[in-house]
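K.L.:
Structure below; questions to follow.
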Amino acid sequence: MNSGTLPSEAFPAGAPTTSAVVGMIGGGQLARMTHQAAIGLGIELVVLTADGNDPAIRAGARHHPGHPDDIEALIGLAERCDVVTLDHELVPNAHLRALVAAGYAVRPGPEALRLAQDKAFARRALGDAGFAVPAFAEVARGDVAAVDRFAKRCGWPLVLKSSTGGYDGRGVEVIRDQTALQSSALARSADPWLIEEHVPIAHELAVLVARRPSGWWAAYPVIETTQHDGICRELVMPADVPPEVSDRVTALAISIANGLDTTGVLAVEFFVATDGRVLVNELATRPHNSGHATIEATVTSQFENHLRAVLDWPLGDTRLCSPAAAMVNLIGGDEPIDPGRLAVALQEPAVHAHLYGKTFSRGRKLGHLTALASNSADALALARSAARSLVVR
Ligand SMILES: Nc1ncnc2c1ncn2[C@@H]1O[C@H](COP(=O)(O)OP(=O)(O)O)[C@@H](O)[C@H]1O
Ligand SMILES: [Mg+2]
């Protein structure tokens, strides 16, 4: 045998080259980028979605056709896999509890997932556990007197949210006064109403913590995100905030992950208010848009660590491998984006592209660009300029 050559019996003829089979509910861009990470690890990703054109399926992940509301489809997926995880939260929690009761591994578990599925439940649970959250109240739909009482305490404007089903700012509305409440479409559909103080935000931060069922965890450097109309547009990593703020949010995110016993990636969104308060906004128990820059900017991406974590494998290094990174989301808007111009965007060697293979629609996340640089301002300028070069004028 030559030195450096593996003995042929290490890969016996006909043996499967799959290290593990992971089922993912939902086939969007998060599943697509998880599949990308799965390939290198020899993991087969099986995606449950009704739509065979979803981004992950287009990228070659195995398709388990079905709807996340269909318990039979979920059982069929779980039968094929070592562990079931999720790319979105729009799955009945009772179905996941039934899978767990039947002995299948579901990670994150249904209890932790409920905090990402139900904003009012999360506010209560985090508040009860002693974490600072925005002032909030749960109000039956149409109870304008209760809204008035809340506004007397916290002032107008306030923020109205749908507890469940919202994402990318859909299900979140700033309400200036009672008249605006009367004409709000969200007020007509959301039930109950989750109403919150309108926090004067100085920074929106996110901390990702990958955590294994055995309790080992790894936290990523703090990320600062920028939202317009509730949808994430840009982020920089590491966040440009004083070290005491970074240390504080990191410690909070780790204690939330441990306290809730999460598995996989947990993303904790924070508001740093202009009055200095550090408040927990939202939890996501899966890879998250705020972590997309980790693909190039950290030693191990959030997608790879999500897979490792749900399989209870050792976690990869979460440290930055560039001083700074920035990401710009490519979102369907007034100005159409032409993927055919990507070669122009890539003229800058520090820019990396991820297109999700989706058709254009307004407000839809179509891809993202990440740039690495020696500081966050330069990284952001590079990513923005690359994004502009894709726009058709
Ligand atoms: N109480 C609040 N005060 C001020 N801004 C808020 C408040 N709640 C949400 N927002 C803004 O709306 C965005 C989306 O709200 P969020 O609750 O995170 O819902 P989503 O599930 O759509 O991400 C936040 O990132 C933030 O910019
Ligand atoms: Mg959010």
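Just so it is clear, none of the values below were taken in a lab; they were calculated from the coordinates. Not measured: the values here are computed from a predicted model. Neighbour counts are summed over all protein chains in view; Cβ atoms, including those assigned to glycine, are modelled from backbone coordinates with ideal geometry.
K.L.:
Semi-axes of the equivalent ellipsoid of the stretch 1-142: what are they in whole Å, largest first, if each equals the square root of 5 times a C-alpha gyration tensor eigenvalue? Numbers along the way, then the final one.
P.N.:
Working: eigenvalues 274, 65, 44 Å².
After scaling each eigenvalue by five and taking roots: 37, 18, 15 Å.
K.L.:
On to the next question. Where in the stretch 176-221 are there trypsin sites (Lys or Arg not before Pro) that are in a DSSP coil and have at most 13 other Cβ atoms within 10 angstrom of their Cβ?
P.N.:
On the way: sites: R176, R188, R211; in loops: R176.
Hits after loop and neighbour filter: R176.
K.L.:
While we're looking at this one, here's another question. Once you treat every alpha carbon in the stretch 110-182 as an equal point and sum by Debye, what is log10 I(q)/I(0) at q = 0.16 Å⁻¹?
P.N.:
-0.63
K.L.:
For the stretch 286-374, count all C-alpha to C-alpha pairs, find those more than 23 Å apart, and express that count as a whole percent of the total. Before the final figure, lay out the partial values.
P.N.:
Working: 1265 of 3916 pairs.
Cα-Cα pairs of the stretch 286-374 separated by over 23 Å account for 32 percent.
K.L.:
Return the percentage of antiparallel bridges among DSSP beta bridges fully within the stretch 16-93, rounded to the nearest 5 %.
P.N.:
Working: 0 of 14 bridges.
Antiparallel bridges make up about 0 percent of those DSSP assigns within the stretch 16-93.
K.L.:
Next up: Take the Cα coordinates of the stretch 235-360, assign each an equal point scatterer, and use the Debye formula without solvent to give log10 I(q)/I(0) at q = 0.10, 0.14, 0.18, 0.22 Å⁻¹.
P.N.:
Values returned for q = 0.10, 0.14, 0.18, 0.22 Å⁻¹ are -0.41, -0.78, -1.15, -1.41.
K.L.:
Using a Gaussian network model on the chain with a 10 Å cutoff between Cα atoms, which of G165, G367, G130 fluctuates the most?
P.N.:
G130
K.L.:
Per-residue counts of other Cβ atoms within 10 Å, averaged by peptide: what ranking do you get for 373-382, 54-63, highest first? If you can, show how the numbers build up before the last one.
P.N.:
Details: 373-382: 17.6, 54-63: 20.2.
Descending packing order for the listed peptides: 54-63, 373-382.
K.L.:
With +1 on each Lys and Arg Cβ and -1 on each Asp and Glu Cβ, and nothing else charged, work out how big the dipole of the chain is about its Cα centre, in Debye to the nearest 20.
P.N.:
340 debye
K.L.:
Quick one: plug the Kirkwood hydrodynamic radius of the stretch 81-210 (C-alpha pairs) into Stokes-Einstein at 37 °C, 0.692 mPa s, and report D in µm²/s. If you can, show how the numbers build up before the last one.
P.N.:
Working: Rh = 16.4 Å.
D, rounded to a whole number, is 200 µm²/s.
K.L.:
Restricting attention to the stretch 308-375, which trypsin sites (Lys or Arg not before Pro) occupy a DSSP loop and are surrounded by at most 10 other Cβ atoms within 10 Å?
P.N.:
Details: sites: R308, R319, R341, K358, R362, R364, K365; in loops: R319, K358, R362, R364.
In loop regions of the stretch 308-375 (DSSP not H, G, I, E or B), the sparsely surrounded trypsin sites (Lys or Arg not before Pro) are R362.
K.L.:
Express as a percent, rounded to the nearest 5, the fraction of DSSP beta bridges in the chain (both residues included) that run antiparallel.
P.N.:
On the way: 59 of 74 bridges.
Here the antiparallel bridges make up roughly 80 percent for the chain.
K.L.:
While we're on this one: According to the Cα gyration tensor, what semi-axes, each the square root of 5 times an eigenvalue, does the equivalent ellipsoid of the stretch 25-84 have, listed from largest to smallest in whole Å? Show your work: numbers first, answer last.
P.N.:
Working: eigenvalues 64, 37, 12 Å².
Its equivalent ellipsoid spans semi-axes of 18, 14, 8 Å.
K.L.:
Next question, about the same structure. So if the hydrodynamic radius of the chain is defined as the Kirkwood radius over C-alpha pairs, what does Stokes-Einstein give as its diffusion coefficient at 37 °C and 0.692 mPa s, in µm² per second? Don't skip to the end; give the middle numbers.
P.N.:
Values: Rh = 22.0 Å.
After rounding, the answer is 149 µm²/s.
K.L.:
Next up: Taking 20 °C and 1.002 mPa s as the conditions, I'd like the Stokes-Einstein D for the stretch 139-290 in µm²/s, using the Kirkwood hydrodynamic radius from alpha carbon pairs. Don't skip to the end; give the middle numbers.
P.N.:
Details: Rh = 16.6 Å.
In µm²/s, the coefficient rounds to 129.
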